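The values are calculated or read from the model by the stated rules, or taken from the named source; none is laboratory data. Nothing here was measured: the structure is a model prediction, and the numbers come from that model. So basically every Cβ, Gly included, is an ideal-geometry build from the backbone, and we count neighbours across all protein chains shown.
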4 protein chains.
Amino acid sequence: MKAAVFVKPGQIVLDEKPVPEVGPGQALVKITTTTICGTDVHILKGEYPVKPGLTIGHEPVGVIAELGVGVTGYQLGQRVIVGAITPCGQCYACLDNHSSQCGGHGTGGWKAIGGWKFGNTIDGTQAEYVLVPDAVANLEPIPDDLTDEQVLMCPDIMSTGFSGAENGKVKIGDTVVIFAQGPIGLCATAGAKLRGATRIIAVDGINERLAISRRMGADVTINFREKDPIEEIMKITDGKGVDVAIEALGTQQTFESCLRVLKPGGVLSSLGVYSGKLTLPADTIAAGLADQTIITTLCPGGKERMRRLLNVVASGRVDLKPLVTHRFKLDDIEAAYDLFANQRDGVLKIAITP
Amino acid sequence: MKAAVFVKPGQIVLDEKPVPEVGPGQALVKITTTTICGTDVHILKGEYPVKPGLTIGHEPVGVIAELGVGVTGYQLGQRVIVGAITPCGQCYACLDNHSSQCGGHGTGGWKAIGGWKFGNTIDGTQAEYVLVPDAVANLEPIPDDLTDEQVLMCPDIMSTGFSGAENGKVKIGDTVVIFAQGPIGLCATAGAKLRGATRIIAVDGINERLAISRRMGADVTINFREKDPIEEIMKITDGKGVDVAIEALGTQQTFESCLRVLKPGGVLSSLGVYSGKLTLPADTIAAGLADQTIITTLCPGGKERMRRLLNVVASGRVDLKPLVTHRFKLDDIEAAYDLFANQRDGVLKIAITP
Amino acid sequence: MKAAVFVKPGQIVLDEKPVPEVGPGQALVKITTTTICGTDVHILKGEYPVKPGLTIGHEPVGVIAELGVGVTGYQLGQRVIVGAITPCGQCYACLDNHSSQCGGHGTGGWKAIGGWKFGNTIDGTQAEYVLVPDAVANLEPIPDDLTDEQVLMCPDIMSTGFSGAENGKVKIGDTVVIFAQGPIGLCATAGAKLRGATRIIAVDGINERLAISRRMGADVTINFREKDPIEEIMKITDGKGVDVAIEALGTQQTFESCLRVLKPGGVLSSLGVYSGKLTLPADTIAAGLADQTIITTLCPGGKERMRRLLNVVASGRVDLKPLVTHRFKLDDIEAAYDLFANQRDGVLKIAITP
Amino acid sequence: MKAAVFVKPGQIVLDEKPVPEVGPGQALVKITTTTICGTDVHILKGEYPVKPGLTIGHEPVGVIAELGVGVTGYQLGQRVIVGAITPCGQCYACLDNHSSQCGGHGTGGWKAIGGWKFGNTIDGTQAEYVLVPDAVANLEPIPDDLTDEQVLMCPDIMSTGFSGAENGKVKIGDTVVIFAQGPIGLCATAGAKLRGATRIIAVDGINERLAISRRMGADVTINFREKDPIEEIMKITDGKGVDVAIEALGTQQTFESCLRVLKPGGVLSSLGVYSGKLTLPADTIAAGLADQTIITTLCPGGKERMRRLLNVVASGRVDLKPLVTHRFKLDDIEAAYDLFANQRDGVLKIAITP
């Protein structure tokens, strides 16, 4: 089968690999649609290290091709979706309700980011087939009336973005700011609206993205190239600051900006992937006395999470199709990476079909 | 092997059965100590229906005798404990953090009381061997320096009793009442202390039990045969009522008494097993306007829960050995049932050893 | 001034009273719009006892006419709204985050339903003027661009209905049923949507109300005169039941129906006012072993709550104007009571203007 | 009256001031015992700026000398305690359950650290009398059988320390580390035990303090001058890390150490007062993907909090008398500051009596 394989920093190529063999508790899924994530670009650039030879990608929509021993309740040919995070459900972390930090089978317990396996520690989804571990915990059937593209954001972007609002504990009547309106930030905007925020402020530097922010639920948009977002937000909130600030990029500037507009007692919900050293100026947190919370979240996975997100799509509450701006065949995935890594042509997300 | 088998209402007998065969994901445990639970007596009396021929019991301490395919990270001969509730970890209920309502393998979702399998829907632990389903999620190694009897309460009584305090959301400085001081109520008393309640009121009709209540952390004990507990509690609390009331018996009288002493805004944490119809007089809940919560809980299980409870035992924070009042061989289990069902001789819990 | 006064069961009349004098910490508000609540009808019928001579009503929109000593930060003539519940903010219950059970000034602590003062323990709002206790905690300025009728539901109906979804802990992707679609049930429907429920089922016996339910966010409506709601809901949910059931009427039938469609692990969020004895059949709660929660809620009040609800109105997220079906002058309030108590002419809520 | 007054950085002197006049809603308390806090030393050193002429101190035990208009339910001569934080109960922050960020009377809303008034924005407690604002929300009667010294830690140290464990969401069976065992860290240790932690690790550099740690509930103590605490803790926890890490000092080193031993999914509960810039190395938080929470807390106040802490003392669950190592007359407070600021003679807390 064909698969997009990491060779070395700077090089992901389409290669041939054998179709994987299915072990107990696993399932083989024939990919019908997948996509490229910002994390994949970090891998491409060598900023996030993975083993050479690994198939990349973690956002699968497909059809069940084979079921391992012990995987009951599913049929061959069934359309399914699987989260980017594939918890085992049976380790200490999973049983303690932290399944994104899944420690895997056996008595092993907790492993940071351990729930992220596809395209990280096992072969991923930018291929014709993918092997799903702990299939009972992870295969979620897709309703017939939803297209692949309608649900393509569920495995990662939508789950991550929504969790920004959920873990930020957004309440009815809250003012929420989301810094950065890439795909995850846009989903965080949609998530804040779904949780009842009534003033949603979206910040980005690209007006085309801010236009989509408004479609996702933003009441106010700020282009940081035109106005200072901190001044603007403090003015809008009469000097109080926001109830919840969502960081959706992973830089010092966005992280610190969140702190600078956060009310005493507020929550900074962080979705970004950071490198180096974050700095937390004491004055932004009132010397540690402002009763504030900083919470970091890795994309929630597992079939129950996918079921809920499919419900959101099916209900029409949120429509994420505008995020799919480009389409490529798997055969052309190297070109897709080139477009996406360089953020050309207003790209948000690319649908890849084998 | 020998096993205590339900024959028909009124009859549980010691019988011969083949040692079970081990399937994928399962483990065979050789029982070293088990016990009889109040629920088993309900089964004996025909008040809780199970299939004739079923082995009874759900509180296992033992040694791993065989491991099924896919169960890695354990060794043969390892001492383990398993909760009364054995979640699969992979169904919708388990993945939604309600593993006691486990829907089992496959796409099946939620099943009321579905997590309770031993001695309910599959063969139980009052036998020489027991087959543990979803072994990776359920086998917890026992530290060498803890005896079987020290940990024998973990699978059910301790997990259930503590959850009464945990789900009642006991806070530091709370006043908590526990109605009934059988084994579960005594553990709820210990749990309330562990969560920081500073005035714990234990109610029962047997002074010997109330003496143990005080060892478990009760600050005040009330023998309801000597004083009206409602009057007494309202006097103690200056008419305010308690912050949390824990029901640990399963009768109209204890349930209603909880409501009658519960402050506005308080929590009734219910552990009892009810039959027939509970009545909720409108005046006890201020017509539904008192911001009160009633929460029912089934014993939490899984190996992470067991790990935490073993920690409690190992730390010496709570010593539940006083609850083991009698010891019987498995060969004499019919006599043990007779003693326990008739609550003779001050029995609290009986250690059964094959 | 004119005031609607309770005389005896069956009789509320428009009477003359002196304009109240303003004490320390209080404010006098000139009513511009108020309304009649279902609770007022209970008072009229003598089902909820209040002192003869009391002015009825608890939903005020008005203008500040006078400020007592210590009430700073407000101006005479300012348009304000006040919740139906007026917490003091300083008693034990208020400081413990249960301000609807406010115990009032002094060392007194908790009082069931104590936060409900207007038209219950002190003179209410169906009058030309109302005296607001603990004014600093309760006066909330109304933005200029919102009309009285737009915000008229905030003090009670909207606050109560939304709290049904909030305390039911509705999550993104939940299925929620609301039994009864009177004004409170309709607001609970809107609240469930605001919290991210993706399948909202509204049950009532009047098709005109169910039409409004759909405008408020219901995805499915069931007229219980045409179909059995329990059967229908269990079919829709494939036998699983709903995640959250909201009771918005206060009868045995709706309460029990909630339990009959509630999934294991689900939450029954109760808003109704009950009388007599509620019955809780053991089979509806799996004998107390289904990990379910029943939570009762009295309307949340205080100016922070009002601020949030005004935000909801101002953002356009929810439009409750369709609930105001009739308008009367205060002079004609007796006729308004007659219409409302008899539920004639499709009445939902009546705007009363002095 | 005599009062310890801040003159300029480096100088706090005992001075004469008039006894304050009592306004509406206020109370005058005659101090019987107070103490010096680490924050007072920051003020003395000019590290935390206050207005010259301000009376310092925020930990009052005393007797009611006068009650302002509207303060009912108390008697002259009554022994009372008041928290270091004195919320108004009526502003937006207080009504939103963040009373330590109290915005004060009027429509003003939120103010960072606004709840801390004594010895910060109004005259404090190191004097013969102190004026208590919003007295109804803040005066808590002391049971007769408790001495001043028994309750002297309640206003600040105990409330702060316990909140470290409470906001860290310590659960039964948790492993908790507390970095630094000054008075606040010692109270955090006691609080972790009260919430059910079963392995409590206390870290400090002074063995005398670690001896008290063990009395407060520590199971393991680490002198960082003798062993590397990070290595040691990772070894003790088999490489998993701790469930909750409590920072009780306010330095980069202790903050970063908390992160380095925190398990994925864990909580860093921060009590320290920081200056300059905190650094958060990305590798300590798995690049922001470890589902961790950092929560900062300012001492909770108000009479309900004091009531709960008095309950803890009265119940004997925690005995903080060992923390009072020295006693001085108010007349000698300058000497007391000298001893305390230089941490001579094993000082933990000093009781000051006028």
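Considering every residue within the range C:34-56, establish whether at least one is in contact with a Ser or Thr (Cβ under 7 Å, 6 or more places away or on another chain) and either surrounded by 18 or more Cβ atoms within 10 Å (Cβ to Cβ) or closer than 20 Å to B:G265 by Cβ (or both). There is at least one residue in the range C:34-56 that is in contact with a Ser or Thr (Cβ under 7 Å, 6 or more places away or on another chain) and either surrounded by 18 or more Cβ atoms within 10 Å (Cβ to Cβ) or closer than 20 Å to B:G265 by Cβ (or both). Annotation: of all residues in the range B:294-336 being touching a residue at least 40 places away in the same chain (Cβ under 8 Å) and β-branched (V, I, T), the one that is farthest from B:M158 (Cα to Cα) is B:I333. Residues that are touching a His at 6+ places or on another chain (Cβ under 6 Å) and closer than 24 Å to D:A93 by Cβ: does the range A:257-273 have at least one? Among the residues of the range A:257-273, at least one is touching a His at 6+ places or on another chain (Cβ under 6 Å) and closer than 24 Å to D:A93 by Cβ, which makes the answer yes. Taken together, C:V13, C:V5 contain a single residue that is at pLDDT 95 or above, surrounded by 17 or more Cβ atoms within 10 Å (Cβ to Cβ) and farther than 22 Å from C:G83 by Cβ, which is C:V5. Before we move on, is A:I333 assigned to a helix (DSSP H, G or I), in the same structural domain as A:V170 (by TED's automatic domain parsing) and β-branched (V, I, T)? No. What residue, among those in the range B:133-142 that are more than 17 Å from the chain's Cα centre (by Cα) and within 17 Å of B:L309 (Cβ to Cβ), is surrounded by the fewest Cβ atoms within 10 Å (Cβ to Cβ)? So the residue we want is B:P141. Only one of B:T175, B:T147, B:T125 is surrounded by fewer than 22 Cβ atoms within 10 Å (Cβ to Cβ) and among the hydroxyl-bearing types (S, T, Y); which? It is B:T147. Of the residues in the range A:4-20, not one is within 14 Å of chain B (Cβ to nearest Cβ), in contact with a helix residue (DSSP H, G or I) (Cβ under 7 Å, 6 or more places away or on another chain), among the small types (G, A, S) and farther than 20 Å from A:I142 by Cβ.
In this structure, is B:P141 at pLDDT 95 or above and out of contact with any Asp or Glu (no Cβ under 9 Å at 6 or more places or on another chain)? In short, yes. Could you list all residues from the range A:147-178 that are among the aliphatic types (A, V, I, L, M), farther than 19 Å from C:A192 by Cα and touching a Gly at 6+ places or on another chain (Cβ under 6 Å)? Within the range A:147-178, A:I178 is the sole residue that qualifies. Taken residue by residue, the range A:52-64 has at least one member that is more than 19 Å from the chain's Cα centre (by Cα) and within 13 Å of chain B (Cβ to nearest Cβ). Among the strands (runs of 3 or more DSSP E) confined to the range C:31-133, there are none with at least 2 residues that are in contact with a Cys (Cβ under 8 Å, 6 or more places away or on another chain). With a requirement of 3 or more residues that are buried (at least 19 other Cβ atoms within 10 Å of the Cβ), the strands (runs of 3 or more DSSP E) lying completely within the range D:199-257 that satisfy it span D:199-204, D:242-247.
Here the range C:260-283 is the region considered, the condition is being more than 7 Å from chain B (Cβ to nearest Cβ) and surrounded by fewer than 21 Cβ atoms within 10 Å (Cβ to Cβ), and the residue that is farthest from C:V176 (Cα to Cα) is C:D283. Only one of the numbered conditions (1) under 30 Å from A:G68 (Cβ atoms); (2) more than 18 Å from the chain's Cα centre (by Cα); (3) not small (G, A, S) is violated by A:I172, and that is (1). Apart from one condition, C:I172 fits all of (1) within 21 Å of C:R215 (Cβ to Cβ); (2) within 11 Å of another protein chain (Cβ to nearest Cβ); (3) in contact with a Leu (Cβ under 7 Å, 6 or more places away or on another chain); the exception is (1).
When residues of the range C:95-131 are filtered for being within 18 Å of the chain's Cα centre (by Cα) and within 13 Å of chain D (Cβ to nearest Cβ), how many remain? Of the residues in the range C:95-131, 6 are within 18 Å of the chain's Cα centre (by Cα) and within 13 Å of chain D (Cβ to nearest Cβ). Is at least one residue of the range A:230-243 touching a helix residue (DSSP H, G or I) at 6+ places or on another chain (Cβ under 9 Å) and within 27 Å of A:C37 (Cβ to Cβ)? No, that holds for no residue. When residues of the range C:286-306 are filtered for being under 28 Å from the mean Cα position of the chain (by Cα) and assigned to a helix (DSSP H, G or I), how many remain? The total comes to 4. The set of residues in the range C:71-92 being closer than 16 Å to C:P24 by Cβ, facing chain D (nearest Cβ under 7 Å) and crowded, with 20+ Cβ neighbours inside 10 Å consists of C:G89, C:Q90. Taking the criterion of being within 14 Å of chain A (Cβ to nearest Cβ), over 30 Å from C:G119 (Cβ atoms) and of a type outside the set (G, A, S), would at least one residue in the range C:177-190 satisfy it? No, that holds for no residue. If you go through the range C:187-198 and keep only what is under 17 Å from the mean Cα position of the chain (by Cα) and in a loop (DSSP other than H, G, I, E, B), you end up with nothing.
Exactly one residue out of A:I200, A:I157, A:I172 is under 27 Å from C:A165 (Cα atoms) and in contact (Cβ under 8 Å) with a residue 60 or more places away in the chain: that is A:I157.
Condition check ((1) modelled with pLDDT under 95; (2) touching a Gly at 6+ places or on another chain (Cβ under 9 Å); (3) not aliphatic (A, V, I, L, M)) across all residues:
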| residue | (1), (2), (3) |
| --- | --- |
| A:A180 | no, yes, no |
| A:C187 | no, yes, yes |
| A:G191 | no, yes, yes |
| A:R195 | no, yes, yes |
| A:I201 | no, no, no |
| A:D204 | no, yes, yes |
| A:I230 | no, no, no |
| A:I233 | no, yes, no |
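Evaluating C:Y48 against the criteria (1) among the aromatic types (F, W, Y); (2) within 20 Å of the chain's Cα centre (by Cα); (3) within 28 Å of D:A137 (Cα to Cα) leaves one unmet condition, (3).
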